[in-house]
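Okay, so here's the structure we're looking at.
The values are calculated or read from the model by the stated rules, or taken from the named source; none is laboratory data. Note that the structure is a prediction, hence the values are computed from the model and not measured. Neighbour counts run over all protein chains shown; Cβ positions are idealised from the backbone, glycine included. Ligands, DNA and RNA are stripped out before the accessible areas are found, and what is left, the full protein with its side chains, is counted by its heavy atoms. Shrake-Rupley method; radii C 1.70, N 1.55, O 1.52, S 1.80 Å.
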Amino acid sequence: DDAKPYHFESVCRWVADQLRLCAITKRPLRMPPTLLVGPPGIGKTMFCIQLADALDASVCLRSLAEASASFLIAGASTQWAGGKPGAVAEHLSRCPVDRAPWFVFDELDKATGDRAFPVGPALLGLLEPYTAKRFRDEALEIEMDVSPACFWFTANELDRVRPELVSRMHVIHVRAPTAFEMPAVVASVDAQLRKERPELTKVFAPLDTAVLLH
């Protein structure tokens with residue numbers, strides 16, 4: 001494939017190993033919490049989404065850079081004004097029964113700093129197998145087993161992610177594509193844009209080799 005994401009080879013190998021393990025053990029799609037670390041703008045988030053699509057999983061994408069509190073993850077009590085279920089409960093309630101729930105939490109390294117209600121404690125509840133089976137949404141006030149869900153995270157800088165979170169994830173470093181690999185990356189982005197917006201093909205011809213190399 002001309003659009004093969006070469007700089008994601010290490011991720012692809014690990015995913016392939018996990019899928020083989022699921023097949024051998026005859027268990028549904030399940031992967032350990034995974035953190036992709038690498039420079040901004042190299043496609044980490046899009047890779048997570050496209051991987052979920054390829055595996056026919058149901059995706060929920062949230063940016064932790066904008067998360068002001070753990071309410072995003074675990075909801076807020078209805079005793080508070082505007083209290084409602086969190087992203088985990090909402091997505092699980094809408095996820096088709098025949099598709100694996102897949103969460104992508106973007107920019108984990110930006111979910112740090114002095115916050116009155118940090119997201120860290122809520123994330124720890126998702127990443128520990130024991131507590132994931134008893135995850136509690138503050139608005140619904142019920143416990144849920146979220147252990148079958150797949151959790152993927154992205155970050156630009158690993159040293160800005162809390163150690164207790166890192167220790168509970170499989171960390172994979174994604175390098176920036178080389179100049180040799182960039183034409184394939186550009187072709188992949190072009191193909192994705194045309195898939196999402198078919199009307200572009202009616203106006204713009206496919207990128208030729210000269211344009212890709214430039």
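Before moving on, here are some points about what is shown:
- The stretch between ASP56 and ARG27 holds 8.9 nm of extra length on full extension. This uses 0.36 nm per residue minus the Cα-Cα distance.
- Charge tally in the Cβ shell below 11 Å around LEU124, where Lys, Arg are +1 and Asp, Glu are -1, LEU124 excluded: 0
- Full extension of the chain segment joining ALA191 with GLU128 gains 18.9 nm, where the gain is 0.36 nm per residue of separation less the Cα-Cα distance.
- When the pairs LYS133/LYS195; LYS44/LYS195; LYS26/LYS133 are compared against a 29 Å limit on Cα-Cα distance, LYS133/LYS195 fall above it.
- Percent accessible area from carbon and sulfur atoms, region 120-186, protein chains only, probe 1.4 Å: 59
- Taking only the C-alpha atoms of region 154-214, Rg followed by Dmax gives 17.6, 50 Å.
- Neighbourhood charge, 14 Å Cβ-Cβ cut-off, centred on LEU21 and excluding it, Lys, Arg +1 and Asp, Glu -1: +4
- Label point distance in nm, LEU212-LEU158, each placed 7 Å from Cα along Cα→Cβ: 3.2
- Sum of side-chain charges, PRO206 neighbourhood, beta-carbon under 11 Å (Lys, Arg +1; Asp, Glu -1): -1
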